[in-house]
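The block underneath contains the structure these notes are about, expressed in structure tokens.
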Amino acid sequence: MLGDILNITLIASVIRLSTPLVLASLGGLYSERGGVINIALEGIMLAGAFTAAAVTYFTASPWIGLMGAMMAGVAVAAIHGVATIRYRADQVVSGTAINILFFGVPALLSGALFDSTGATPQLPREQVLPDVLVFDPAGSPMLASIFNQKPIVYFAVAAVAATWYVLGYTSFGLRLRAVGENPEAADTAGVSVFRMRFTGVLISGALAALGGAYLSIGQNSLFTRNMTAGRGFIALAALIFGKWNPVGAFLACVLFGLAEAVAIRMQGTVNIPNQFIQLIPYVLTMVVLAGLIRRASPPRALGVPYVKE
């Protein structure tokens, strides 16, 4: 029984299930290192997932669907940015409002466009993101499954490395971290706090929406209502678990992906009701947050609106 759960194909499943979490968590990282709490990751992922499926359906191109998803994510993030940075609205309230809004907006648009509020039409195989085999170990199809992933998976891994470099070794990263730690000092040094924070929020929207697009035209071939299933909140938990560090957030996402992969494989193989098994990733999220929320050290100006004197 244990061998049916823990095997090589489990690694491939963990990679697939971790990818949307990694992208959303990296998106939240850019926003929060700049000082803006982004609770809206769930809503942005839903916007990206629906837009990717709808645009792909009408254009027959998943690549145009990805671009449409990122544009939708940037637009939703811009709403959050204007509300919290320009008008200094409460960042948690703004993000929560966006989440509530996008629990319903995709269903409304789906009903208007496709006469179905539950799901968009099924996409044919040629309109779904293709698998790309980067390494083919001879004589081992199970091992090959690890290296046969969607392009977004490879992008997510590259984005972790790029984010680590950008935040740690570039002037943009230094300025972004500065406005998240001490915006007054950054402003005195000539850094535009508003511009840097807004840029971080927009990047957050693009990455989180890409994670949502992966769900609808990568893992699946359609958008279903609330298909993110709390992944935006899990990504936020991974960000805290990783202590606002891209590598730490990545490892936390892999942990949550492992929990979800094991939960899926346990269904039907153990004498436990499926409803309890499906709770595993969410229980893990609560345990992690309960244990680390007091010990985590967020950016010092996180959630604090900046008022230029």
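The values are calculated or read from the model by the stated rules, or taken from the named source; none is laboratory data. Bear in mind the structure is a predicted one, so any value in this text is a computation, not a measurement. For neighbour counting, all protein chains shown are included, and Cβ atoms are generated from backbone atoms with ideal geometry for every residue, glycine included.
Once segment 1-32 is narrowed to residues that are among the polar types (S, T, N, Q) and either at pLDDT below 90 or under 15 Å from residue 144 (Cβ atoms) (or both), the residue that is farthest from the chain's Cα centre (by Cα) is 7. Considering 129, 133, the condition of being buried (at least 16 other Cβ atoms within 10 Å of the Cβ) and within 20 Å of residue 19 (Cβ to Cβ) is satisfied by 129 alone.
The residues of segment 17-36 include none that are of a type in the set (Ser, Thr, Tyr) and either free of Cβ contacts under 8 Å to residues at least 24 places away in the same chain or surrounded by fewer than 24 Cβ atoms within 10 Å (Cβ to Cβ) (or both). Residues that are β-branched (Val, Ile, Thr) and surrounded by fewer than 17 Cβ atoms within 10 Å (Cβ to Cβ) number at least 1 in the following helices (runs of 4 or more DSSP H) confined to segment 183-287: 183-188, 246-266. Considering only segment 288-305, state which residues are at pLDDT 80 or above and either closer than 16 Å to residue 233 by Cα or surrounded by fewer than 17 Cβ atoms within 10 Å (Cβ to Cβ) (or both). Matches in segment 288-305: 297, 300, 303, 304. Go through segment 90-99 and report how many residues are touching a residue at least 12 places away in the same chain (Cβ under 8 Å), more than 17 Å from the chain's Cα centre (by Cα) and surrounded by fewer than 18 Cβ atoms within 10 Å (Cβ to Cβ). Residues flagged as touching a residue at least 12 places away in the same chain (Cβ under 8 Å), more than 17 Å from the chain's Cα centre (by Cα) and surrounded by fewer than 18 Cβ atoms within 10 Å (Cβ to Cβ) within segment 90-99 amount to 1. Among the candidates 24, 53, 49, 12, which residue alone is in a helix (DSSP H, G or I), more than 30 Å from residue 91 (Cα to Cα) and touching a helix residue (DSSP H, G or I) at 6+ places or on another chain (Cβ under 6 Å)? Every option except 12 fails the conditions. For residue 64, the conditions (1) over 18 Å from residue 256 (Cβ atoms); (2) in a helix (DSSP H, G or I); (3) within 15 Å of the chain's Cα centre (by Cα) all hold with the exception of (3). Here residue 179 fulfils each of the conditions (1) touching a Leu at 6+ places or on another chain (Cβ under 9 Å); (2) under 14 Å from residue 29 (Cα atoms); (3) of a type outside the set (Gly, Ala, Ser) apart from (1).
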